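Accompanying notes for the structure given below.
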Ligand SMILES: [Ca+2]
């Protein structure tokens, strides 16, 4: 278990892009949409070019892909939505469960918890730490909470947790193909998460990573869902805020357990470091480990298309 967790945390260090502590909304933050329950939009099927040329080898090579039409959540699953699931089912997330006992493991890793990002320091250059007590209600560990964050995306959910929510909701996690097709929305990907006028289109990191997130897009840390413009399909936060689980399995040489593909970049993605705020961006994440920058949204492939 310890080796698995340490390997996972090591892998996360490769994946992160900045500081993860949430800050208060900036007064200049963009207006956010009203939330209308389980709002979904219809994404018409089609054929598209998936992947990009390899500044990031895992994204290529570009290849043709075809998806059928499907309904998709307009925003990431929120803390309020996840709380309703927990209240209805009594489900306990992976991060709340007791890890197996392994002789010699650091004391902290023998307690329920999860991975939390922090700014590296000269004394401790690690980007990720195992935070006892970290779970969806306490995203940065014991002593933190989600008070006032009902419409923030739920985080610290492992793949199993997201799949359990999907089963309860009667929907599905999107495949990677569905997710990328929806994120592209038929338009060429922009290299930076801004429109032609330079207006932010997603919650990402401004400033030099990892020294300081300036939050000039309105948010340092996670943002409530739907606070940035929707793409042409009406989907918000597809290239920022939090990474999102997909149903697609991945592969990573240093992973000691099954990994899944996550899509979408996060509030930690910075221009000077990872730039993964593009539809083609993908990472391979241990399915048994949540973090404070991974959430999810769902699709519904069974609901009939709109008239
Ligand atoms: Ca931001």
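For the stretch 256-268, the criterion of being free of Cβ contacts under 8 Å to residues at least 40 places away in the same chain, closer than 18 Å to residue 157 by Cα and either within 16 Å of the ligand (Cβ to nearest atom) or outside any loop (DSSP other than H, G, I, E, B) (or both) is met by at least one residue.
State all residues of the stretch 24-55 that are surrounded by 13 or more Cβ atoms within 10 Å (Cβ to Cβ), modelled with pLDDT under 90 and under 19 Å from residue 267 (Cα atoms); if no residue qualifies, say none. Listed by number, the residues that qualify are 25, 26, 29, 30, 33. Residue 140 falls short on exactly one of the conditions (1) surrounded by 23 or more Cβ atoms within 10 Å (Cβ to Cβ); (2) within 16 Å of the chain's Cα centre (by Cα), and that condition is (1).
Between 169, 211, the distinction of being more than 19 Å from residue 281 (Cβ to Cβ) and surrounded by 16 or more Cβ atoms within 10 Å (Cβ to Cβ) belongs to 169 only.
I'd like to know if the stretch 185-206 contains one or more residues that are assigned to a loop (DSSP other than H, G, I, E, B), more than 12 Å from the ligand (Cβ to nearest atom), under 20 Å from residue 51 (Cα atoms) and in contact with a helix residue (DSSP H, G or I) (Cβ under 7 Å, 6 or more places away or on another chain). No, there is no match, as no residue in the stretch 185-206 is assigned to a loop (DSSP other than H, G, I, E, B), more than 12 Å from the ligand (Cβ to nearest atom), under 20 Å from residue 51 (Cα atoms) and in contact with a helix residue (DSSP H, G or I) (Cβ under 7 Å, 6 or more places away or on another chain). Can you find even one residue in the stretch 231-241 that is away from the ligand (no atom under 16 Å from the Cβ) and either more than 23 Å from residue 31 (Cβ to Cβ) or without any contact (Cβ under 8 Å) to a residue 40 or more places away in the chain (or both)? No, the stretch 231-241 contains no residue that is away from the ligand (no atom under 16 Å from the Cβ) and either more than 23 Å from residue 31 (Cβ to Cβ) or without any contact (Cβ under 8 Å) to a residue 40 or more places away in the chain (or both). When the stretch 119-163 is filtered for residues that are in contact with a helix residue (DSSP H, G or I) (Cβ under 8 Å, 6 or more places away or on another chain), farther than 14 Å from residue 97 by Cα and not in a strand (DSSP E or B), the ones remaining, listed by number, are 126, 127, 146, 149, 150, 151, 152, 154.
Scanning for something surrounded by fewer than 24 Cβ atoms within 10 Å (Cβ to Cβ) and within 21 Å of residue 50 (Cβ to Cβ), does the stretch 220-232 turn up at least one residue? Scanning the stretch 220-232, I find at least one residue that is surrounded by fewer than 24 Cβ atoms within 10 Å (Cβ to Cβ) and within 21 Å of residue 50 (Cβ to Cβ), so the answer is yes.
Being at pLDDT 95 or above, within 15 Å of the ligand (Cβ to nearest atom) and part of a loop (DSSP other than H, G, I, E, B) narrows it down to one residue among 219, 209; which is it?
When all the criteria are applied, what remains is 219.
For residue 213, the conditions (1) in contact (Cβ under 8 Å) with a residue 24 or more places away in the chain; (2) more than 19 Å from the chain's Cα centre (by Cα) are fulfilled apart from (2).
The set of residues in the stretch 197-209 that are under 21 Å from residue 139 (Cα atoms) and touching a strand residue (DSSP E or B) at 6+ places or on another chain (Cβ under 8 Å) comprises 204, 205.
The values are calculated or read from the model by the stated rules, or taken from the named source; none is laboratory data. As the structure is a computational prediction, the values presented were derived from the model and not from experiment. Please note: Cβ atoms are built from the backbone with ideal geometry, for glycine as well, and neighbour counts cover all protein chains shown.
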